[in-house]
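Take a look at the structure set out below.
The values are calculated or read from the model by the stated rules, or taken from the named source; none is laboratory data. Computed from a predicted structure; not experimentally measured. Cβ sites come from the backbone with ideal geometry, for glycine too, and all protein chains shown count toward neighbours. The area values use the complete protein model at the heavy-atom level, side chains included, leaving out ligands, DNA and RNA. Shrake-Rupley method; radii C 1.70, N 1.55, O 1.52, S 1.80 Å.
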Amino acid sequence: WMGKTIKTGVVATREKNGQTEVLLVSTKNNRWGVPKGNLIPELGKKKTALEEAYEEAGVLGEISNKKKATIEHPDWTLDLYPMKISKLLKKWPEMGRREREWVPLKKVDKKLGYPALVECVEELAG
């Protein structure tokens, strides 16, 4: 037994027409989620989160402030960080496997089936 898996990810946002939008990616089971993955110890949490944002969603940028939101699950812990996007790439590593979509913050709860995740997204994107 190795203890809980540590996952880390981003809540990437942009402002469009006065609305906050959140970048979601499709998951393997045809749901929507945020870019995230298992911690890469030599990168640390924030850099792992940025790496996942690049691989899964094709976005580059930085983690914008000291805030983070955490979801505790019996099998894993997920730390999410707010991300300020500097570049949206046309090609990215997992583009063949995933879709990405900008969703207005007030509609995120309809897309994300996991209430704890919705809370974190609203907290970090708000």
- Of the residues Lys45, Lys87, Lys66, which single one is outside any strand (DSSP E or B), at negative phi and touching a residue at least 12 places away in the same chain (Cβ under 8 Å)? Lys45
- Pick from segment 100-117 the residues that are charged (D, E, K, R) and out of contact with any Ser or Thr (no Cβ under 9 Å at 6 or more places or on another chain): which of them is nearest to Ala53 (Cα to Cα)? Lys111
- Message: Being within 24 Å of Thr5 (Cβ to Cβ), aliphatic (A, V, I, L, M), open to solvent by less than 50 Å² (accessible area, probe 1.4 Å) and out of contact with any Leu (no Cβ under 6 Å at 6 or more places or on another chain): is that true of Leu89 here?
- Response: no
- Item | Residue identified as open to solvent by 60 Å² or more (accessible area, probe 1.4 Å) and not in a helix (DSSP H, G or I) among Gly61, Gly37, Gly96 | Gly96
